[in-house]
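One structure below.
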Amino acid sequence: MTDPQLATALIHHPYRAPAEWDAIPTGVFKASTVFFPNVAAMRERRWIDKSAYTYGLKGTPTTFTLEARLATLEGAEHLMLVPSGLAAIMLIDLAVLKTGDAVLLPDNAYGPSMSLAQHELRHWGITHQVYDPMDVASLSAALTPATRLVWLEAAGSVTMEFPDLRALIRCVRREAPQALIAIDHTWGAGLAFKPFALGAGDEDLAVDFTAHALTKYPSGGGDVLLGSVGCRDRRLHDQLAWCHARLGLGVGVDDVAAVLRGLPTLPLRYAAQDQAARRIASWAQGRAEVARVLHPALPDSPGHAHWAALCTQAAGIFSIEMQPGYSQAQVDAFVDALKLFRIGWSWAGPVSLVVPYEVSTMRRLPTPYRGALVRLCIGLEDVDDLIADLDQALARLSD
């Protein structure tokens, strides 16, 4: 028979490891319950300013560490983790919008963000409108006294237009001062530009919120689902934090640890994939099968001048517009013929990815795109091998 006191001794063992441990990895602290030394401490501890721990859902040393490092990356004062990039978008929407409010989205917004506005937000009495992100007058015309939140995206999803962020922000601040501004900052990853420091000279020009899919560049491994929301204003942070707590948006600590491990190599990976993508994009420009290459760093890509005014880097992702004469079936056959590029969502991992799109089904406003689009997300493979793979697959278009 087992000693009946053994179970208690194993659970309440007196040994405590020495506190002097120091190493490269941040400790992985897993907990739901957090102990308090006494009732007074339980009643007095505050979690919202990250000065203490109260419950695993509201933070551990591991999550607080990643939040602090990401705040530095983003240029934010406050940052909180959520389970995905889409959860980051949802948290901002739910924290600041109420029945009767309106939200504006660029026509090239991330698809699930648009879908959230079309369904859940609409069901809750929150209206939405789309605007042309490349036309400040379009944004101006969409602003109303009910506008409470304006979303920006740079570069735009799939079609990769780079808007004049400064002009868009100035427009909102001037014509709808009651509105807050959020940006999906996944493409920039905290490196291409700083959304909380967009002003030129002494101008203080900034967004109110950043939403970041840490699934992409901060992770870099294609094995994590995680997101973050950053802001500078303490009042807005507390508003977000209470909404975050009420929604129970917990994150897996193992995923947090994976991002902490990947974060030190983020600048190296971003730069490598940027350079690889630019080389492949330039090669694609010379192909007869390609009508246009959509990459903000290319001079003839929409919004290149706006990109050049803010950025020296770009994410390793771009789209090619096929010649209009090719059918969607032919374009799909080209994608299927690729061997190194794998068909799949997301980007910024070590494996190059490809997805074909029919842009006419994705936009509400008229677009200049007549051929099918193929989005290429460049991984860490040898660039010559990736070009050879594209070359052999494009040959299938003639079959």
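The values are calculated or read from the model by the stated rules, or taken from the named source; none is laboratory data. Treat the numbers as computed from the prediction; the structure is a model and nothing was measured. In this analysis, Cβ positions are derived from the backbone assuming ideal geometry, glycine residues included, and neighbour counts consider all displayed protein chains.
Worth pointing out:
- Any hit, segment 136-146, residues being assigned by TED's automatic domain parsing to the domain that holds Arg173, farther than 18 Å from Arg166 by Cα and part of a helix (DSSP H, G or I): no
- If you filter segment 196-216 down to residues that are in a loop (DSSP other than H, G, I, E, B) and touching a residue at least 60 places away in the same chain (Cβ under 8 Å), you find that the one that is surrounded by the most Cβ atoms within 10 Å (Cβ to Cβ) is Leu214.
- Per the conditions (1) touching a helix residue (DSSP H, G or I) at 6+ places or on another chain (Cβ under 9 Å); (2) modelled with pLDDT of 95 or more, the sole criterion not satisfied by Trp187 is (1).
- Just one residue in the set Val293, Val335 is in contact with a strand residue (DSSP E or B) (Cβ under 6 Å, 6 or more places away or on another chain) and without any contact (Cβ under 8 Å) to a residue 40 or more places away in the chain; that residue is Val293.
- The residues listed here are Ile92, Ile126; of these, the one that is touching a Gly at 6+ places or on another chain (Cβ under 9 Å), closer than 18 Å to Cys243 by Cβ and touching a residue at least 12 places away in the same chain (Cβ under 8 Å) is Ile126.
- Odd one out for Ile89 among (1) assigned to a helix (DSSP H, G or I); (2) at pLDDT below 95; (3) crowded, with 21+ Cβ neighbours inside 10 Å: (2)
- When the residues of segment 147-193 are filtered to those that are among the β-branched types (Val, Ile, Thr) and in a loop (DSSP other than H, G, I, E, B), the one that is surrounded by the most Cβ atoms within 10 Å (Cβ to Cβ) is Thr186.
- Residue check for Phe318: part of a helix (DSSP H, G or I), in contact with a helix residue (DSSP H, G or I) (Cβ under 7 Å, 6 or more places away or on another chain), surrounded by 19 or more Cβ atoms within 10 Å (Cβ to Cβ) and not aliphatic (A, V, I, L, M): no
- So Arg234, is it of a type in the set (D, E, K, R), over 20 Å from Ala88 (Cα atoms) and touching a residue at least 40 places away in the same chain (Cβ under 8 Å): no
- So Lys58, is it farther than 17 Å from Gly248 by Cβ and among the basic types (Lys, Arg): no
- The listed residue being under 23 Å from Gly227 (Cβ atoms), within 17 Å of the chain's Cα centre (by Cα) and at pLDDT 95 or above, out of Pro106, Pro112, Pro133: Pro106
- Subset of segment 142-171 (residues that are over 17 Å from the mean Cα position of the chain (by Cα) and either at pLDDT below 95 or among the β-branched types (Val, Ile, Thr) (or both)): Thr144, Thr147, Ile169
- Residue count for segment 357-399, restricted to those that are under 14 Å from Leu338 (Cα atoms), free of Cβ contacts under 8 Å to residues at least 60 places away in the same chain, touching a helix residue (DSSP H, G or I) at 6+ places or on another chain (Cβ under 8 Å) and surrounded by 18 or more Cβ atoms within 10 Å (Cβ to Cβ): 2
- Residue in segment 222-261 that is surrounded by the fewest Cβ atoms within 10 Å (Cβ to Cβ), counting only those that are acidic (Asp, Glu) and in a helix (DSSP H, G or I): Asp254
- Of the criteria (1) closer than 17 Å to Thr65 by Cα; (2) out of contact with any strand residue (DSSP E or B) (no Cβ under 9 Å at 6 or more places or on another chain); (3) among the hydroxyl-bearing types (Ser, Thr, Tyr), which one Tyr217 fails: (1)
- If you go through segment 26-48 and pick out every residue that is under 23 Å from His237 (Cβ atoms), out of contact with any strand residue (DSSP E or B) (no Cβ under 9 Å at 6 or more places or on another chain) and surrounded by 12 or more Cβ atoms within 10 Å (Cβ to Cβ), you end up with 4.
- Residue check for Asp22: modelled with pLDDT under 95, closer than 22 Å to Val229 by Cα and part of a loop (DSSP other than H, G, I, E, B): no
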